[in-house]
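One structure is given here, and the rest of the page talks about it.
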Amino acid sequence: MRKCGIKAANVLAAICMSAVLMSGCGQGDYQKLETSSAAEQRDEAEEEEKREEDGQPETSLNDREKAMAPAPVFTDVSDTVYVAGNQVRLRTAPSTEGSSTVAAMVNSGTPLSRTGVSDEWCRVSYNGQTLYVHKSLVSTQQPKPQESAPAQAAGSGGTGAGQAVSGAQAANGSQVTLDSGWKYAEYSAIKSGAATLYRAEGANRKGITVCVNAGHGTSGGGSVKTKCHPDGTPKVTGGTTGAGATEAIAVSSGMTFSDGTPEAKVTLAMAKVFKEKLLAEGYDVLMIRESDDVQLDNIARTVIANNRADCHIALHWDSTTSDKGAFYMSVPNVASYRAMEPVASNWQKHNALGESLVTGLRGAGVKIFSGGSMEMDLTQTSYSTVPSIDIELGDKASDHSAGTLDVLASGLVAGVNQYFGQ
Ligand SMILES: [Zn+2]
């Protein structure tokens with residue numbers, strides 16, 4: 001890191017940090033870090049500190065870009081506009097640069113109280129916040145109901161992706177296995193297990209399904225490899241051993257906390273707490289894993305989420321030992337990667353979901369690492385067709401008591417609410 005830590009070039013720094021820290025593809029990373037020597041781990045910890053000093057690269061870049069653009073001038077108005085499209089981003093600033101300004105995602109027909117207009121932007125009031133939306137994405141005409149559609153809007157009218165399982169199968173606790181006909185299913189190597197779909201039963205049911213993926217916990221997952229990218233290209237963030245690799249471990253075993261607890265145990269406990277809070281909030285929940293072992297690799301987990309959920313949240317803790325706080329793995333700002341499907345059509349949604357989750361965690365009082373994100377080329381991201389994020393809730397030194405997991409779950413639910421505009 002030090003040899004490439006050129007402060008003036010944040011982009012270069014970001015690439016170098018990627019090279020140091022992101023050796024794997026998918027959660028294979030953690031296994032590599034776990035087996036590195038104590039000296040290497042110390043170096044990594046120092047690099048973490050260094051990065052905190054440098055500031056989070058993506059944010060710094062965005063700030064610079066924003067600083068260069070002239071600020072739009074708004075004329076005050078007072079009327080209502082309607083969102084004209086699905087998964088429209090509401091931002092904290094009138095700028096499309098990056099994902100760091102995305103505060104909420106809203107769907108077609110959502111009414112917004114407009115307080116100002118500029119040449120390109122509308123200033124709106126949404127859930128008590130002053131936010132901005134591009135003029136082309138709203139209309140003063142309320143759209144017809146049939147114009148609202150796909151993704152989580154499949155939830156409108158109470159027919160969420162969860163219910164698409166149909167009839168008896170949609171009963172609580174129904175098993176969801178990998179359908180070999182689903183897109184990218186053939187790339188999975190470990191696929192005999194099943195996820196479980198739970199349906200919210202309260203009057204507040206939203207018809208939105210959240211896939212909760214407890215990271216790791218696939219016996220034998222470390223001895224099988226899968227393709228990093230569906231098109232066979234090598235991963236774009238890579239380190240010493242894994243640079244340019246086209247295949248990675250199907251599911252790694254995860255790290256071990258400083259107190260000796262395996263990460264997979266903690267992600268499972270976290271998933272269970274998160275599930276209960278989501279159900280209480282009215283979300284349906286697709287649980288990837290509910291015991292120590294599920295025979296579903298990262299690709300199988302992702303493809304199941306693609307087809308049975310409206311978003312996919314993988315729970316992890318990082319391999320550092322500095323108790324550095326929570327962050328999400330953002331989509332690398334590498335042109336070839338962001339141009340590759342299904343990343344091209346979905347990366348902005350992934351980052352927006354990550355931003356919402358970090359905002360929710362921060363609001364719950366959770367310590368956030370640096371700018372709240374770190375670029376990473378993950379298997380999960382490379383195959384996701386629904387908003388999908390790997391959230392790192394802390395690291396080896398972080399407290400993972402029941403009380404802490406409860407706070408984390410509350411923050412994550414707040415983030416999900418924000419993302420779906422609930
Ligand atoms: Zn992990």
**Report entry** Residues of segment 243-271 satisfying the condition of being over 19 Å from Ala326 (Cα atoms) and at pLDDT 95 or above
**Finding:** Gly260
Requested in this report: Can you work out which of the residues in segment 189-210 that are over 20 Å from the mean Cα position of the chain (by Cα), not hydrophobic (A, V, I, L, M, F, W, C) and not in a loop (DSSP other than H, G, I, E, B) is surrounded by the fewest Cβ atoms within 10 Å (Cβ to Cβ)?
Outcome: Thr196
Query - Among (1) of a type outside the set (A, V, I, L, M); (2) free of Cβ contacts under 8 Å to residues at least 40 places away in the same chain; (3) touching a His at 6+ places or on another chain (Cβ under 9 Å), the one test that Tyr383 misses - result: (2)
Query raised in the report: Among the residues of segment 331-350, is there at least one that is touching a strand residue (DSSP E or B) at 6+ places or on another chain (Cβ under 9 Å) and within 15 Å of the ligand (Cβ to nearest atom)?
Result: no
Query - Residues of segment 86-108 classified as modelled with pLDDT under 80, open to solvent by 10 Å² or more (accessible area, probe 1.4 Å) and either small (Gly, Ala, Ser) or at positive phi (or both), total - result: 4
Query raised in the report: For segment 331-345, what are the residues that are farther than 19 Å from Gly244 by Cα and open to solvent by less than 10 Å² (accessible area, probe 1.4 Å)?
Result: Pro342
Query raised in the report: For segment 316-329, does any single residue satisfy the condition of being open to solvent by 10 Å² or more (accessible area, probe 1.4 Å) and either aliphatic (A, V, I, L, M) or not assigned by TED's automatic domain parsing to the domain that holds Arg289 (or both)?
Result: no
Query raised in the report: Just wondering, is there one or more residues in segment 315-322 that are touching an Asp or Glu at 6+ places or on another chain (Cβ under 9 Å) and more than 13 Å from the ligand (Cβ to nearest atom)?
Result: yes
Requested in this report: Please work out which residue is farthest from the ligand (Cβ to nearest atom), limiting yourself to segment 164-191 and to residues that are out of contact with any helix residue (DSSP H, G or I) (no Cβ under 9 Å at 6 or more places or on another chain) and modelled with pLDDT of 95 or more.
Outcome: Gly181
**Report entry** Selected residue [in contact (Cβ under 8 Å) with a residue 24 or more places away in the chain, within 16 Å of the ligand (Cβ to nearest atom) and more than 15 Å from the chain's Cα centre (by Cα)] from Ala300, Ala397
**Finding:** Ala397
Report task. Take segment 381-403 and flag every residue that is of a type in the set (Ser, Thr, Tyr) and open to solvent by less than 40 Å² (accessible area, probe 1.4 Å). Result -> Thr381, Ser382, Tyr383, Ser384, Ser388, Ser398
Query raised in the report: How many residues are in contact with a helix residue (DSSP H, G or I) (Cβ under 7 Å, 6 or more places away or on another chain) and aliphatic (A, V, I, L, M) if we restrict to segment 244-285?
Result: 10
Report task. Please verify whether segment 224-244 includes one or more residues that are open to solvent by 20 Å² or more (accessible area, probe 1.4 Å) and within 17 Å of Val176 (Cα to Cα). Result -> no
Query raised in the report: Somewhere in segment 222-232, is a residue over 18 Å from the mean Cα position of the chain (by Cα) and within 16 Å of the ligand (Cβ to nearest atom)?
Result: yes
Query raised in the report: Is it fair to say Ser291 is open to solvent by 50 Å² or more (accessible area, probe 1.4 Å), over 19 Å from Pro387 (Cα atoms) and in the same structural domain as Lys367 (by TED's automatic domain parsing)?
Result: yes
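The values are calculated or read from the model by the stated rules, or taken from the named source; none is laboratory data. None of the values given here were measured: they were computed from a predicted structure. Ideal geometry is used to build each Cβ from the backbone, glycine not excepted, and the neighbour counts take in all protein chains shown. All accessible areas refer to the heavy atoms of the entire protein, side chains included, with ligands and DNA or RNA removed. Shrake-Rupley method; radii C 1.70, N 1.55, O 1.52, S 1.80 Å.
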